[in-house]
Amino acid sequence: QVQLVESGGGLVQSGGSLRLSCAASGRTFSSYAMGWFRRAPGKEREFVAAISRSTLTTLYVDSVKGRFTISRDNSKNTMYLQMNSLKPEDTAVYYCAASARSYSRNAGDYDYWGQGTQVTVSS
């Protein structure tokens with residue numbers, strides 16, 4: 001079992017920045033590939049970014065490339081999502097997830113999920 005807790009969400013103006021954190025407890029954090037997903041109001045859950053166990057490989061949805069950076073610190077059992085140049089369309093609940101298989105864009109490949117943190121970007 002892995003327990004995931006997101007933090008760092010909030011209200012920010014367009015063009016601003018936020019850093020989300022995902023703290024993991026339970027089994028060895030470094031054994032899991034990790035990902036960020038988001039769900040905007042009235043929309044389906046969307047893949048945002050993923051990172052491999054070793055941090056050597058990352059994936060991003062095209063809409064956040066160049067603005068968001070996913071990272072992890074296995075010594076702190078924590079994953080991060082640095083979000084810069086935020087836009088109103090980034091408004092969503094952001095979820096972190098852990099996969100015992102591999103980093104992936106597919107939500108079905110993730111085994112554990114956090115409760116989410118709200119990010120609101122005002123125009």
Quick one: 3J(HN,Hα) in Hz for the range 66-81, Karplus 6.51/-1.76/1.60 with θ = phi - 60°, rounded, Gly and Pro as x. x, 10, 10, 9, 9, 8, 8, 10, 5, 6, 10, 6, 9, 10, 10, 9
Over the Cα atoms of the range 69-122, Rg to Rh with Kirkwood Rh, two decimal places? 0.99
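Output the relative contact order of the range 22-91, whole-number percent, from Cα pairs under 8 angstrom with separation of 6+ residues. Before the final figure, lay out the partial values.
Values: 98 pairs, mean separation 20.1, N = 70.
Once divided by the residue count of the range 22-91, the mean separation gives 29 percent.
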How far apart, in nanometres, would the label points at S63 and N106 be if each is projected 7 angstrom from Cα along the Cα-to-Cβ direction? 2.2
Expressed in angstrom and rounded, the centroid-to-centroid distance over alpha carbons for the range 89-123 and the range 6-74 is 6
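With a probe of 1.4 Å, find how much accessible area the chain has per residue, and write the answer as a whole number in Å². Walk me through the intermediate numbers first.
On the way: 6090 Å² over 123 residues.
Normalised by residue count, the accessible surface of the chain is 50 Å².
Can you pull the percent of the range 1-113's accessible area that's carbon plus sulfur, 1.4 Å probe, other chains left in place? Mind dumping the intermediate values first?
Values: 2540 of 5560 Å².
Taking all protein chains in place, the range 1-113 shows 46 percent carbon and sulfur surface.
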So, R0 is 22 Å and r is the distance between the beta-carbons of S14 and E46; what FRET efficiency does that work out to, to 0.05? 0.70
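For Cα pairs less than 8 Å apart in space and 6+ apart in sequence, what is the mean separation divided by the residue count of the chain, i.e. the relative contact order in percent? Mind dumping the intermediate values first?
Details: 318 pairs, mean separation 44.3, N = 123.
Computed value for the chain: 36 percent relative contact order.
The values are calculated or read from the model by the stated rules, or taken from the named source; none is laboratory data. Small disclaimer: the values here were computed from a predicted structure and weren't measured. Virtual Cβ from ideal backbone geometry, glycine too; neighbours counted across all protein chains shown. Heavy atoms of the whole protein, side chains included, go into the accessibility calculation; ligands, DNA and RNA do not. Shrake-Rupley method; radii C 1.70, N 1.55, O 1.52, S 1.80 Å.
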